[in-house]
Amino acid sequence: MAKYKSFIVALGIFTALSFVACKSTPEPEPAPVEEPVVQPEEGAEEKTEETVPTENFSEANKALLSKVEQSRAAAAESGAEAANPVAFKAAEAEYAAEKLASESATEDMSAVLNDLNNRYLALKSYADAKSKKAKIDANNFASYNQAAYDEGSAIIDELAKPESNLTFGSVWYKKATDANAKMESVLDAAYRSLSKAERTEAFKAKKDADSVKASVSRKAEYDKGVQSFKSGDAAYVTGSPEQALSDYTSSKTVFAALFQEISVARQKAQEAVDAAKKRVEQSETVAQDADTQAPLGDEPVEGIEEADTTLLEADDFTEAQNSVVELDETLEGEAE
């Protein structure tokens, strides 16, 4: 009985150990999967990395530098150095540096050269704007377009400050161009107003000249006055009121001088006629006295014309009427 119990215990222990052993045995790892090897197609060449050549901008840089030099010359000619010494000096320093760099550089310099070109263009516009402002101030023209004058003056003052040179050349150029345009609008308004008034005066002077038949007695000068008047009209309608003012003034001067000189000559001639008439009247009185004392009778006397003899041909003034040049009193076709 004791042997049987020992067998039972041993069997239970064996069974328990077998169960534990089955639970702790690790699963086998899966076999590695090999990647398929792609075989290159027959005749295919291996690709090699291509080297992109660097572009050479030497010629393009030289062309841009030539453009800069043209703008630089225009700025200097307009008086930019005197108008804004600080900005001009800064541009000159940059020009010297970029010119030296362009002699050997092969990379693209378009950004810096275009900026420098804009600076020189801006300097020219700035100098032009200051020159026009001085002209406006000298002639007291500001009131003809006060708003534009004030705005343009403010921009000129702003660009005169050294810190304005820190902006891009394109920005500087835009502001300078704006200032120049505003000053130009003031001058345009002034000269349009003045030339219109001067045209009216020139037209009146021509009427005076026509009244004394200047187109006959002084035709060459009369035609000169007419031509100046017509030139003024042409200048006005094509947008050159300052030139129009000059032409109208010339025309007025010619016609006024003709009227004055011919009027004086006529006055002297009339005085001579009046003096002659007086002498004739005196002679007639003497003749009447003589005829009373010693009548000549009806026989013709040598040197004395018959009473009904025509001494001068009657003048119908046809030539004077045909020589007068008609001009329009009002100006049409004005340019906007």
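Quick notes on this one:
- Condition met for LYS213 (at positive phi, touching a helix residue (DSSP H, G or I) at 6+ places or on another chain (Cβ under 9 Å) and not β-branched (Val, Ile, Thr)): yes
- Subset of segment 250-289 that is of a type in the set (Gly, Ala, Ser) and modelled with pLDDT under 75 - its residue that is surrounded by the most Cβ atoms within 10 Å (Cβ to Cβ): ALA287
- Taking first residues from segment 66-92 that are free of Cβ contacts under 8 Å to residues at least 40 places away in the same chain and partners that are charged (D, E, K, R) and part of a helix (DSSP H, G or I), the Cβ contacts under 6 Å between residues at least 6 apart in sequence or on separate chains come to PHE88/GLU81; ALA91/ARG119.
- Any hit, segment 290-310, residues being assigned to a helix (DSSP H, G or I), among the aliphatic types (A, V, I, L, M) and modelled with pLDDT under 65: yes
- Inter-residue pairs, beta-carbon under 8 Å, first hydrophobic (A, V, I, L, M, F, W, C) and in segment 201-223, second assigned to a loop (DSSP other than H, G, I, E, B), 6+ apart: PHE203/LEU327; PHE203/GLU329
- Of all residues in segment 76-111 being over 27 Å from the mean Cα position of the chain (by Cα) and buried (at least 16 other Cβ atoms within 10 Å of the Cβ), the one that is farthest from LYS161 (Cα to Cα): SER102
- Out of SER211, SER228, SER164, SER240, sole residue that is among the hydroxyl-bearing types (Ser, Thr, Tyr) and assigned by TED's automatic domain parsing to the domain that holds VAL112: SER164
- Identity of the residue in segment 195-232, buried (at least 19 other Cβ atoms within 10 Å of the Cβ) and polar (S, T, N, Q), that ends up nearest to the chain's Cα centre (by Cα): SER195
The values are calculated or read from the model by the stated rules, or taken from the named source; none is laboratory data. The shown structure was predicted, so the numbers you read here are calculated from the model rather than taken from an experiment. Glycine also receives a Cβ, built like all others from the backbone with ideal geometry; neighbour counts cover every protein chain displayed.
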